[in-house]
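> Quick one: this structure, given as structure tokens, is what I'll be asking you about.
Any read-out appearing in this document is the output of simple, stated calculations on the displayed coordinates, not a laboratory observation. Being a predicted model, the structure only gives us computed values, none of them experimental. All Cβ positions, glycine included, derive from the backbone under ideal geometry; neighbour counts span all protein chains shown.
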Amino acid sequence: MPSSTVARLLDRVALLFTAYTRDPAHPQGCARMLCACIHIMDGHELNEPFAPDIHYRTPQTQSYLYIRMAHHGYLTACAKFVSLPRSEEEMRRLRTDVFTCECSLPENEDARRLVQRLHTFGTARAQFELDDLVHALVRHLAGILNHAVMSQSVGGMTAVGYITENHVKSVMVRPWPVDTITQVVPHGLRQSMEGYAASLSLSLRRRPHEALLLFSTLLAICGSPIILPVLTLHPDWTSRVVDIAESLIDERTAMVGKSVDAGTEESWKDTFMLLVECAGDFSDTRYLDEGELNLLARVETVADADEEPKESRSLLSVCDRLLRHLPCFLDGSNVFTQGDMASFTQVLTIHGAAFYAHRLPHECLAVCPQILDYYNQERNTASAADPSTLAFHSIDWASTMRCCSAPECHETFVTVGRRLARCAGCGLLRFCSRACQKKAWKHAKLPHKAVCKKLRVLLEGMDFFEHAEDADCGLQSFVDACEEDEELGELALDCAGHMYDLMAEQHDIREAYMAEAYREMQKRSLSRGDS
């Protein structure tokens, strides 16, 4: 398709969605044509089945970067449409409007022929409704925003891939979203998250995969404000994730010993990777506190007649079930590899151990040995952790955070609506306001003045940000520098203790994972007579 035709099509669709967002009662185009447009934008041909009607594949297309670079208005209009909260009356009118075709043909001949072709999309279906349109948009935005995160071209609650301001400025035309606050959160934080949650709810009815991907991506970019609106509409949300895992396992086990085409296997692998990546996002303590992680991870139990817990349906159970059934995915596969199995085993074990720390006392799940062994290993070895290793991870945590570093403050760049300024002294911690920075400077328990200069000297002495992009290389370089320079090693010990205390203050970190480690550092520090 010529790029000029694509450009005219995108501009036209942007106008349609903008009109719907401003005045839901004013019909501008039918669901069939809009779904066809999005279908094309997601890399499909018009003669292919509608994406939700076939096996799940991760939304990915070569044209995403082009769309993100050249059509900011189109993507902003899509985000506005999906994130706009609507009343029941507005939803009723919108359902009627998108079912009624009032499309006008453009004057340009190429565009006219394209619009006519778009109306033949999905001829096997009787009609396209609002739920189809919303699902297509959820899939589309999930793919676009996932592309932004994976390509390290958007900042979020954490600096994904250590994205820096210099990296962004080096791009001649910055890809969408340029301004997360106005483009991804266009109706204010609370209303936008409620709007996204409502759209995710509609999408769940067709297929939960794309909704899960968009939920996970919004969590990575905007942080925890998306959690409560989603769980308010769907308290059984974790059960939907379990359903995806169970369906995947059931489909695979039913085909054991039978010939499976590559397309089906690729779909299984994409679903597997979706579950694995989302488990990582939903266990990330960089932007989830204890209570939020509990909301996402904890168990919904199915009780029998005697009210005894019979079945666990939690994110822990997802990791557990996938780990137990990994071998059958490799059996006779031309898509899954031994390397995939090793990688999946490692990450599912780590995330499963994180969810295990948040299990309910009555949970009856018999956890697979890998998860339980890793959990116990982390608990038993925490006090023996090397202080320079802990220092690296604590500074790495602070360098990726996009929330205020003042104790007791939980503002983020999303909640305040702008980028948070770094401390001019240490160049590491961020604060939402001058008032918070002053409060942190003389805080009774964790005064920033006690560590600010030390952090600056440590970071400069280590060239921390130069090596941080490669986590393994950065860690080893950091540890080697601490061993070679005794003064830097002592600074690392001081800074690590302070930073882990700050992490605990900010995120209520569970004792099973963090407390023993930084208590041990404090003990060593006090034994040297340090304050």
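> So between D480 and T232, what do we pick up on full extension, going 0.36 nm a residue minus the alpha carbon distance? If you can, show how the numbers build up before the last one.
Numbers: separation 248, 0.36 × 248 = 89.28 nm, distance 4.85 nm.
Separation in residues times 0.36 nm, less the Cα-Cα distance, equals 84.4 nm.
> Place the peptides 438-446, 369-377 in order of packing, highest mean first, counting for every residue the other Cβ atoms within 10 Å and averaging per peptide. Working shown, then result.
On the way: 438-446: 14.4, 369-377: 16.0.
Most protected by this proxy first, the peptides run 369-377, 438-446.
> Once R0 is set to 56 Å, what does the formula 1/(1 + (r/R0)^6) return for the Cβ-Cβ distance between A450 and L105, expressed as a FRET efficiency to the nearest 0.05? Please report the intermediate quantities before stating the final value.
Values: r = 70 Å, r/R0 = 1.24.
Efficiency, from the Cβ-Cβ distance: 0.20.
> If you take the beta carbon distance between E460 and D373 as r and set R0 to 56 Å, what does 1/(1 + (r/R0)^6) give as a FRET efficiency, to the nearest 0.05? Could the numbers behind the result be given before it?
On the way: r = 40 Å, r/R0 = 0.71.
Efficiency for this residue pair is about 0.90.
> Rounded to the nearest 0.05, what FRET efficiency do A124 and R174 give with R0 = 35 Å and r taken as the Cβ-Cβ distance? Could you check? Provide the component values of the computation, followed by the final result.
On the way: r = 41 Å, r/R0 = 1.16.
E(calc), rounded to 0.05, equals 0.30.
> Something else: Work out, step by step, the length gained on full extension between D243 and W441: first 0.36 nm times the residue separation, then minus their alpha carbon distance; give nm to one decimal.
On the way: separation 198, 0.36 × 198 = 71.28 nm, distance 4.84 nm.
Working it through step by step, the gained length comes to 66.4 nm.
> Modelling each spin label as a point 7 Å along the Cα-to-Cβ direction, I'd like the L65/R95 distance in nm, to one decimal.
Here the modelled spin labels are 4.2 nm apart.
> Report the label-to-label distance for D11 and E505 in nanometres (one decimal), using points 7 Å from each Cα along the Cα→Cβ vector.
5.4 nm
> Calculate, in nm to one decimal, what A254 and R112 gain on full extension: separation in residues at 0.36 nm each, minus their alpha carbon distance.
Values: separation 142, 0.36 × 142 = 51.12 nm, distance 4.75 nm.
Here the answer is 46.4 nm.
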